[in-house]
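This report concerns only the one structure given below.
Every read-out reported here was derived from the displayed coordinates using simple, explicitly stated rules and does not represent laboratory data. In this text the structure is predicted, and so the values were computed from the model without any measurement. Cβ atoms come from the backbone with ideal geometry, glycine included; neighbour counts cover every protein chain shown.
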Amino acid sequence: MLFLALSFLTVGLFLADLAWGSIHISLREIVTVFFGKGTDGINSEILLNFRLPKAITAMLAGASLSVAGLMMQTLFRNSLADPYILGVSSGASLGVALVMMAASILPVAFVSSGWALIVAAIIGASVVLVLVVGVSFKVHNAISLLIVGLMFGTIAGSLVSVLQNFSNPDAIKLFVMWTFGSLSAVTWSYMQVLLPVVLVGLGMAFFLQKRLDGLLLGENYARGLGVSIVRTRLLIVVATGLLAGGITAFTGPIAFVGIAIPHIARGLFKTSGHKILLPAVVLCGASLLLVCDIITQIPTYTLPINTVNALFGAPIIIWIILKKR
Amino acid sequence: MRLFLKFKRPTPWVSTKGNMSILTTQNLSIGYSKKGKTDVVKSGLNLQLQPGELVCLIGPNGSGKSTLMRTLAGLQKPVSGQTMIDGKEISTLKQREKALLISLVLTERVDIENATVYNLVSLGRHPHSNWWGNITDDEDLIIREAIGMVHMEHKMHHNINELSDGERQRAMIAKALAQDTPIIMLDEPTAHLDLPNRVEIMLLLHRLARDTQKAILLSTHELDLALQAAHRIWLFSSNLDVECGVPEDLVFNGSFNRVFESKSFVFNAANGNFSMNYPMTKKVWVYGDKTRMYWTLRALARAGYMVVQDATTQILVTENGWTLNEKDIHTVEELLQELNQHFLDV
């Protein structure tokens, strides 16, 4: 029942996101454009080449970051873990910065297709994640781990600054534009890259759901249940890298979704089983970013997505910490 | 009742292999290797676990109990030697194959948001279920059966965070039962529990070993409980070998005194407890009512009086008090004061 309601909510928000904006497009118009009628005119241009990819990106970003956050919370047994806080997004940024500023060495076709960005971001994200997993063996305190993650993020950020010092103004401009992060950066040609990467990542997450359940008991118990810890951890790192890195490559770092949504889903569905939580966070995450996107495109106040996100996300994090006391 | 058949394996479990033991170690050495240096904790272990037996692993801290458990469970590599389970060498098995032979109850606290006892116990079915982990009707019956065996039916749908420590431990045991393995290993299952819960868990495990014909191995510091409940004891000492045997045999041959040797207490072979070695200087003789005798003797020992046959100071234990120097005394406190006065006068 709850799933049905959430699905309807997501679809409704998707349509609302298409309809509202600086130019209002009626539902009827949306339907006619989708059914191939009236493909001329400015409104259908806006709809097909601007709002539709943006809305799809919002859904993909919400779903991916939430699933990545859920997996990280289970992997680290830490309710405050998410790609942004543990520096995974920063790792992805470093990857992107390396590609943009060292682009002169790489073939042009590779860079402009978007594959270079996404591969670099995924590698950057995964490297940071592997480092954090390595640290998590030594550091058992939940809060200390978060601080270490923050530090990794800071290091990645500094490396980006160092890179900026050595690159040409054009590359810097390109990169700064990227760091502002927006859902509208994903064109149809980028979508052809992003969509398969995200789908593979989500598929892996669903494939891992039973092992994630086992990990809830802690590593030793999971091992006792027949879960191969090393392999599972590796698969989770790869899946999280694909999801968080892939999204960050095109939208820039988006905060708070990864941490907040799994908690909302746990609260709504009153479960910790990943069989239910995974589809739940996909729907909740997609809905939340659609809402944020709708707010950002309110005429006269065009806010960056991260600003809107922070208003939702930051209070939730404070609430989680208070609840743990 | 159909399920009981599932749990109740035909005894003996490995009769086809011509060996009664479900687990055997051959010349097993346990320990840690760090940076090329090996630290052997115990060596030359030849241990056996039989189906239907509750075995208690007892020994002082640091004697290698946990290391042995971890090695037997395949969580840690042995320094040398072999562990055979059901005729298979444990280190050659895959994680999942191990999970079908041994289930674990560990000391680490399990904290899962929103998980009920049923959810927790159903995780025990992991190694048996397919990759999607669906709970079929059969699995559901096994889970309910396991919860029933630890008497937690009434808490089946309670959140595990609402459970008391004793109930939580019973839920973890139910998880191990649901895993349906011939061996269950528990690392200090009675730690952090109060006395009634400690007794209950021990009795429960004893009963489960007998009823399900599983081999149950647990480590504990509860000497008196282990002596009562265990079919067999593996006694670890800090420097000596491991001694195995039926509890009473280990009492008779003095093993407990050798292992727990200390100046300040002795293992009292008469009652299976440890008695403190109080400095005793003054001699008294006590006689009379048998039922009050035990506690009288304890009080006197603590106060430093040695009981010597026909000593000049004589205490008569009566039905509702004591008589010392022809004076009736009604509480132990008064008795001790009177004795104190008496010895000052002498």
For this session: For the stretch B:2-268, report the convex hull volume of the alpha-carbon atoms normalised per residue, in Å³, without decimals.
Result: 152 Å³
Problem set entry | Shielding score for B:74-80, defined as the mean number of other chain Cβ atoms within 10 Å | 1
Exercise. Once you average over the residues of B:95-106, how many Cβ atoms of partner chains fall within 10 Å of each Cβ?
Worked result: 4
Exercise. Pairs B:Lys65/B:Lys214; B:Lys34/B:Lys175; B:Lys77/B:Lys98: which are spaced more than 24 Å apart, C-alpha to C-alpha?
Worked result: B:Lys34/B:Lys175
Problem set entry | Packing-based order for A:58-66, A:114-122, using average beta carbon neighbours within 10 Å, highest first | A:58-66, A:114-122
Seminar exercise, completed: One can check that the equivalent ellipsoid of the protein assembly as shown, built from the alpha-carbon gyration tensor with semi-axes equal to the square roots of five times its eigenvalues, has lengths in Å, largest first, of 65, 27, 25
Problem set entry | Reachable aspartates and glutamates, given that their alpha-carbon falls under 12 Å from the alpha-carbon of B:Lys290 and they are not under 8 places away in the same chain | B:Glu319
Seminar exercise, completed: Note to self, chain B gives a 222 nm [θ] from helices alone (DSSP H runs n ≥ 4, -39500 (n - 2.57) apiece, / all residues, nearest 500) of -9500 deg cm²/dmol
For this session: Starting from the Cα gyration tensor of the stretch B:161-247, multiply each eigenvalue by 5, take the square root, and state the resulting semi-axes largest first in whole Å.
Result: 22, 16, 12
Exercise. Under the classification rounded if a/c is under 1.5, otherwise prolate if a/b is larger than b/c and oblate if not, where does the stretch B:282-345 fall, given a ≥ b ≥ c as square roots of the Cα gyration tensor eigenvalues?
Worked result: rounded
Problem set entry | aspartates and glutamates with Cα under 18 Å of A:Lys138, excluding same-chain neighbours fewer than 8 positions away | A:Glu219, B:Glu108
Problem set entry | Isotropically averaged projected area of the stretch A:109-216, using the convex hull of Cα atoms (one quarter of hull area), nm² | 9.1 nm²
Problem set entry | Cα-centre dipole for the stretch B:2-268 with unit charges at Cβ (Lys and Arg positive, Asp and Glu negative), debye to 20 | 820 debye
For this session: Mind jotting down the three principal axis lengths of the stretch B:60-127 based on Cα atoms? Whole angstrom, largest first.
Result: 43, 31, 14
Seminar exercise, completed: Taking A:204-211, B:317-324, A:67-74, A:47-54 and ranking on average Cβ neighbours within 10 Å, highest first, one gets A:67-74, A:204-211, A:47-54, B:317-324
Problem set entry | Cα-based Kirkwood hydrodynamic radius, the stretch A:2-324, one decimal, Å | 20.1 Å
For this session: Mind checking A:205-212 for the average number of partner chain beta-carbons within 10 Å of each residue's beta-carbon?
Result: 2
Exercise. Add -39500 (n - 2.57) for each DSSP H run of 4 or more in chain A, then divide by its residues: what number comes out at 222 nm, to the nearest 500 deg cm²/dmol?
Worked result: -24000 deg cm²/dmol
